[in-house]
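The structure under discussion appears below in the form of structure tokens.
The values are calculated or read from the model by the stated rules, or taken from the named source; none is laboratory data. None of these values were measured; they are calculated from a predicted model. Don't worry about glycine lacking a Cβ; one is built from the backbone with ideal geometry, like all the others, and counts go over all protein chains shown. Ligands, DNA and RNA are stripped out before the accessible areas are found, and what is left, the full protein with its side chains, is counted by its heavy atoms. Shrake-Rupley method; radii C 1.70, N 1.55, O 1.52, S 1.80 Å.
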Amino acid sequence: MSSDFEGYEQDFAVLTAEITSKISRVPRLPPDEKKQMVASVEKELEEARELLEQMDLEVREIPPQSRGMYSNRMRSYKQEMGKLETDFKRSRIAYSDEVRNELLGDDGNSSENQRAHLLDNTERLERSSRRLEAGYQIAVETEQIGQEMLENLSHDREKIQRARERLRETDANLGKSSRILTGMLRRIIQNRILLVILGIIVVITILTAITFFVKGH
């Protein structure tokens with residue numbers, strides 16, 4: 001499981017490095033090449049999103065006790081992805097302004113105002129997206145904690161049940177031992193009574209024999 005995650009990590013690192021390089025080159029390219037570069041970056045961003053989804057699925061399959069480290073790495077990758085998308089949006093807005101200016105001949109001030117307005121809206125959307133992502137991460141972590149607590153409670157319940165079973169077995173064994181000891185004590189008492197009776201009979205027999213012997217003389 002971790003080997004698959006690390007493989008996706010390597011692919012994501014290579015892809016994001018390539019996207020970063022292309023985004024930085026967009027402003028310096030001629031219009032035709034800019035259009036091709038923007039389309040290429042859009043495609044690679046989609047591939048990066050798919051990689052993140054695969055990595056997220058892999059993390060969900062990892063046992064809860066080992067999931068924390070991978071969740072932190074996923075959070076970092078998602079933040080990196082968000083930054084790339086923000087940089088690309090800014091670059092694309094600048095590219096759109098250039099194309100519109102070339103087609104409509106708008107003046108620079110209007111273009112700058114629109115660009116600032118669009119950037120402001122983009123930043124607001126990014127902040128909202130980050131807040132939603134943080135809320136999602138909190139929900140996921142809460143779910144993980146709940147699962148761990150349920151597993152611990154289940155283990156504790158099994159231990160208590162095993163302890164009760166051992167107590168029942170111990171009680172049963174003690175009952176058997178008590179009955180055996182009672183039987184042994186009863187037999188000992190009976191044997192002692194028989195011995196006393198036999199002793200009395202022997203004494204009486206001896207005394208009777210002595211009496212007949214004395215009378216005979």
So for each of 77-83, 184-190 I average, over its residues, the number of other beta carbons within 10 Å; can you give me the resulting order with the highest mean first? 77-83, 184-190
Relative packing of 195-207, 31-43, which averages over residues the other C-beta atoms within 10 Å, highest first: 31-43, 195-207
Measure off, as a whole percent, the carbon and sulfur share of the 1.4 Å-probe accessible area of the range 15-79, all protein chains present. 49 percent
Which ³J(HN,Hα) values in Hz, rounded to whole numbers, follow from the phi angles of the range 35-44 under the Karplus curve 6.51 cos²θ - 1.76 cosθ + 1.60, where θ = phi - 60° and Gly and Pro get x? 4, 5, 5, 4, 5, 5, 5, 4, 5, 5
Could you work out the equivalent-ellipsoid semi-axes for the range 131-217, taking the square root of 5 times each eigenvalue of the Cα gyration tensor, largest first, in whole Å? 84, 5, 4
